[in-house]
Amino acid sequence: MDNQRISLDRHLTNIDYGHIINLITDDIYKKHIAPSRLHLLYLLAATSTKHESSNIPEDVITLNSEIILVSEKTQRQLVKIVLPKDVNGKNDISVYNPMAIAILGKKEKDFVFIKNNKTYLKIQIEKLVFQPEKEKASHL
């Protein structure tokens, strides 16, 4: 974790933006979804730079991307950010997960901070393994 790049920039495809806004709209009154998660996800969507799927930078984390994350303790973890209805595998995390909210729209090699109880965990997006738009699979 030597080349530290902390960026406030976020990027979303127009399709991902639509999925997120529809999800928030559908879930706004559901008791099992914390209002704080809805709010954070809305802020992410509202403040991100939007792109056509064909023009999203190839190093940006989008929905259905697979990413290797590394923590300060050098623990590596493979995750895939998906909509809640698509959580199937052990590496799948919902867009409502704090880690997903922290990394969605960020770029490979960026650092993010995730609140863990009263402390913050520093995580690097080590590698973008799969991005649907790069692989021309934005239908996922």
> Mind listing the phi-derived Karplus ³J(HN,Hα) values for region 120-126, rounded to whole Hz, using 6.51, -1.76 and 1.60 with θ = phi - 60°, and x for any glycine or proline?
Replying inline: 10, 9, 8, 10, 9, 7, 5
> For region 11-130, what is the convex hull volume of its Cα atoms per residue in Å³?
Replying inline: 107 Å³
> Build a GNM of the chain with springs between Cα atoms under 10 Å: which of 72, 108, 58 gets the top mean-square fluctuation?
Replying inline: 72
>> Once you keep just the Cα pairs under 8 angstrom separated by 6 or more residues, what percentage relative contact order results for the chain?
In response: 29 percent
> Which order results if 96, 29 are arranged by neighbouring Cβ count within 10 Å, fewest first?
Replying inline: 29, 96
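Bear in mind these aren't lab numbers, they're just calculated from the coordinates by the rules spelled out. This structure is a prediction, so every number in the text was calculated from the model and none was measured. Glycine also receives a Cβ, built like all others from the backbone with ideal geometry; neighbour counts cover every protein chain displayed.
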